[in-house]
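Values in this text are rule-based calculations from the coordinates and carry no lab data. Predicted model, so just to flag it, every value in this text is computed and none were measured. Cβ placement follows ideal geometry from the backbone for every residue including glycine, while neighbour counts extend to all protein chains displayed.
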Amino acid sequence: MNLSLLPTCGTKFYKYAVEWKKLYSEDLTPYEKEKIVGSLRKAIEAAGFKAEKVWGEQIEDRGSQITFSALGQQAPLDEKDKWDPDFSKRKKIKAILDPVILEFSVQMGGATSKFRSVNETSRTGLKRSTLDATRFEPENENEKVATAWARRVGFK
C-alpha cells in the first residue's frame, strides 16, 4: 500500500510505502517567521479584531507555514462557525497583509484559520530536488492526526 500526504498547503511531503518517509519540508527561516508573525499581529490589530475568548494558541508555527486561528487552536466548532461565516473579517486581515509581505502567500482556510507560506516560485524547485528522504516522525498535531488516520485504515 502507498499513501502520500502533503500537509501545510503542500510545503511538506510524506510518503508511506513500507514506512513513513519525509520527502521534503520547505521550512521558513527564523527571519521569515519573525516577519510573518510580526506583520500578522499588526494586521489583526489594524483590522480591529480581538476575540473576547480564546481557546489555546492563536498563532501556530508549523515549520513551513504560520497559521492564525482567530479563536485559538482548541476553539469549539460552534464558536468557530459564528466568528466569521462570510469570511469578511479574514478578507480584511488578508487585504492588510498582502501588500506588507509580498514574498509570501496569504491563504484563508478552515473556520477561523489563515495560512501563510512562502510563494511557490521563491523556493520550491531547489528545495524539492535537494532534500533526502528521512524517517517520518509526526512534528505537530496535524501530522499526528494524519498518522493516526493512516494507521486506522491499515497503514503502519
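Annotations for the structure displayed:
- Candidates per trypsin sites (Lys or Arg not before Pro) in the range 1-90, loop by DSSP, up to 11 other Cβ within 10 Å: LYS50, LYS53
- P(r) tail fraction, the range 1-114 - alpha-carbon pairs more than 23 Å apart, %: 36
- Likely footprinting exposure, GLU52, GLU19, GLU57, GLU79, fewest C-beta neighbours within 10 Å first: GLU52, GLU19, GLU57, GLU79
- Working from Cα pairs under 8 Å separated by at least six residues, relative contact order for the range 11-89 is 23 percent.
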